[in-house]
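Here's the structure we're looking at; comments come further down.
Each value in this text was obtained by applying a stated rule to the coordinates, not by laboratory testing. Just so you know, these numbers come straight off a predicted model, no measurement behind them. As a convention, Cβ positions derive from the backbone with ideal geometry for all residues, glycine included, and neighbour counts pool all protein chains shown.
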Amino acid sequence: MCAMYIERKPETVEFTRTDDGKYALIFDELPLFLFVSTDGTGSYDQTFVNGKWLNDIAAITIESKMAEVTRYSVDKYVCVNGEETE
């Protein structure tokens, strides 16, 4: 797999509070890569690539440097119940 640079304008996002007190991030375009950690312990982190949730990740390493393509590597579970990933 090789990286493909996609010409996109940088986007600044901020947390928004909804009327029912929940938090939301609003994007102009679908994020290519999104990592969410709700408790900081890794027990229920979520990773999305091109809007698709990668649900079979055991561990993830993210490397993001200024003026370089962001890279990530994952360790996957050997056996997963549920949806298959590509």
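In what sequence, highest mean first, do 53-66, 18-31 appear when ranked by Cβ atoms within 10 angstrom? Don't jump to the answer; show the numbers that get you there.
Details: 53-66: 12.1, 18-31: 8.4.
Ranked by mean Cβ neighbours within 10 Å, highest first: 53-66, 18-31.
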| query | What lysines sit close enough to Lys76 to cross-link, taking a C-alpha to C-alpha distance under 30 Å and skipping anything fewer than 8 places away on the same chain? | reply | Lys52, Lys65
| message | Once you order the gyration tensor axes a ≥ b ≥ c over the Cα atoms, which shape class does the stretch 7-86 get: rounded for a/c under 1.5, otherwise prolate or oblate by comparing a/b with b/c? | response | oblate
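Please say if the stretch 32-76 is rounded, prolate or oblate, where rounded means a/c under 1.5 for a ≥ b ≥ c the square roots of the C-alpha gyration tensor eigenvalues, and otherwise the choice is prolate for a/b larger than b/c and oblate otherwise?
Numbers: a/c = 1.72, a/b = 1.51, b/c = 1.14.
It comes out prolate by the Cα gyration axes.
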